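The values are calculated or read from the model by the stated rules, or taken from the named source; none is laboratory data. This structure is a prediction, so every number in the text was calculated from the model and none was measured. We place every Cβ from the backbone using ideal geometry, glycine too, and count neighbours over all the protein chains shown. Note: accessible area is taken over every heavy atom of the protein model, side chains too, but ligands, DNA and RNA are not part of it. Shrake-Rupley method; radii C 1.70, N 1.55, O 1.52, S 1.80 Å.
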Amino acid sequence: MTRNLFLSLTLLGAIQGPVLAQDEALEQEEALKKVEMPGYMNRFSNLTEAKRQAYGQHKLKAEQFFRQKRTFEALDEIYQAVAIFDEDPGLWNLKGSCHVEFRSFNKAREAFQRALAIDEKNTGILFNLAEMDFVTKEWKACIEKMQTLAKRLEENADGEMDEPTLNLHHLALFKTLLAHLKLGQDAEARELAEANWEDWDDTPFTYYSKAALAYHENDDEAANQWIMSAVRVFGGLNAVANWQDTLIEFGYVKSFYGGEEEEIGNE
């Protein structure tokens with residue numbers, strides 16, 4: 001399962017934040033007046049201060065427990081937070097992420113759908129929902145959502161993407177490529193790959209897409225070489241973990257548990 005991609009929004013900024021100098025506070029207040037706040041944030045602000053504080057504490061604990069892999073405790077805090085306010089997309093997204101840890105993908109999908117219904121423009125949540133189609137082998141639905149995500153990221157970037165956005169965009173393309181392969185759409189997969197290959201790629205896309213096509217053609221030696229090149233270029237296996245995990249989930253690369261390291265081919 002891909003790591004560290006399940007993004008969490010927060011309403012804690014509405015509860016507690018850094019102390020600003022008077023001039024800075026006035027400038028921020030004027031800026032906020034020009035920004036149309038999402039409806040759910042307005043409704044949150046209408047809660048009593050006591051409820052906002054309680055909600056913030058539960059969500060903060062849930063996020064801390066999730067980072068510590070204490071998923072049952074995270075879910076308990078989420079349930080208590082939802083009882084106070086159930087319209088925070090970040091909380092539903094976090095709940096989905098907890099269910100992913102248990103590989104309860106149907107429950108995770110329901111949570112991500114709830115999050116996206118509240119915040120339809122959030123690309124991180126859209127990726128999480130598309131990922132549920134990927135891991136449950138709903139290949140056509142996966143392609144549709146990943147293509148929607150890639151297009152939305154391109155439109156939002158308006159020509160130039162920052163590093164996190166570029167990585168998310170290329171990972172979406174990579175998963176689209178793999179879904180095409182599963183559907184026997186080899187020509188579409190290769191066309192997508194070749195259209196995005198770069199000699200100086202800032203993401204592992206070029207390496208991993210070439211590895212995937214090599215695996216598909218039963219050329220394991222070439223595939224392993226592309227993966228090892230990616231590991232060297234990007235500074236170790238941890239740096240390409242999301243891409244490596246994708247190939248593991250897809251079935252091209254084996255993963256060993258119980259403390260042993262993941263194996264890359266026969267090297």
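Tell me the residue from 108, 81 that is open to solvent by less than 10 Å² (accessible area, probe 1.4 Å), among the aliphatic types (A, V, I, L, M) and within 30 Å of residue 137 (Cβ to Cβ), please.
Values: 81 fails: within 30 Å of residue 137 (Cβ to Cβ).
That would be 108, the only listed residue that is open to solvent by less than 10 Å² (accessible area, probe 1.4 Å), among the aliphatic types (A, V, I, L, M) and within 30 Å of residue 137 (Cβ to Cβ).
Considering 230, 239, 195, 179, which residue is closer than 25 Å to residue 161 by Cα and at pLDDT below 95?
Numbers: 230 fails: at pLDDT below 95; 195 fails: at pLDDT below 95; 179 fails: at pLDDT below 95.
Among 230, 239, 195, 179, only 239 is closer than 25 Å to residue 161 by Cα and at pLDDT below 95.
Do we find a residue being surrounded by 22 or more Cβ atoms within 10 Å (Cβ to Cβ) and within 16 Å of residue 149 (Cα to Cα) anywhere in the stretch 112-123?
Checked the stretch 112-123: at least one residue is surrounded by 22 or more Cβ atoms within 10 Å (Cβ to Cβ) and within 16 Å of residue 149 (Cα to Cα).
Enumerate the helices (runs of 4 or more DSSP H) found wholly within the stretch 139-204, keeping only those where 2 or more residues are basic (Lys, Arg), at negative phi and within 17 Å of the chain's Cα centre (by Cα).
139-157
Condition first: assigned to a helix (DSSP H, G or I), basic (Lys, Arg) and under 14 Å from residue 60 (Cα atoms). Now tell me which residues in the stretch 70-110 satisfy that.
Let us first name the residues in the stretch 70-110 that are assigned to a helix (DSSP H, G or I), namely 71-84, 89-101, 105-110.
Checking which are basic (Lys, Arg) leaves us with 95, 107, 109.
The one that is assigned to a helix (DSSP H, G or I), basic (Lys, Arg) and under 14 Å from residue 60 (Cα atoms): 95.
Select from the stretch 207-253 the residues that are under 20 Å from the mean Cα position of the chain (by Cα) and polar (S, T, N, Q) and write down the one among them that is most open to solvent (accessible area, probe 1.4 Å).
Result: 238.
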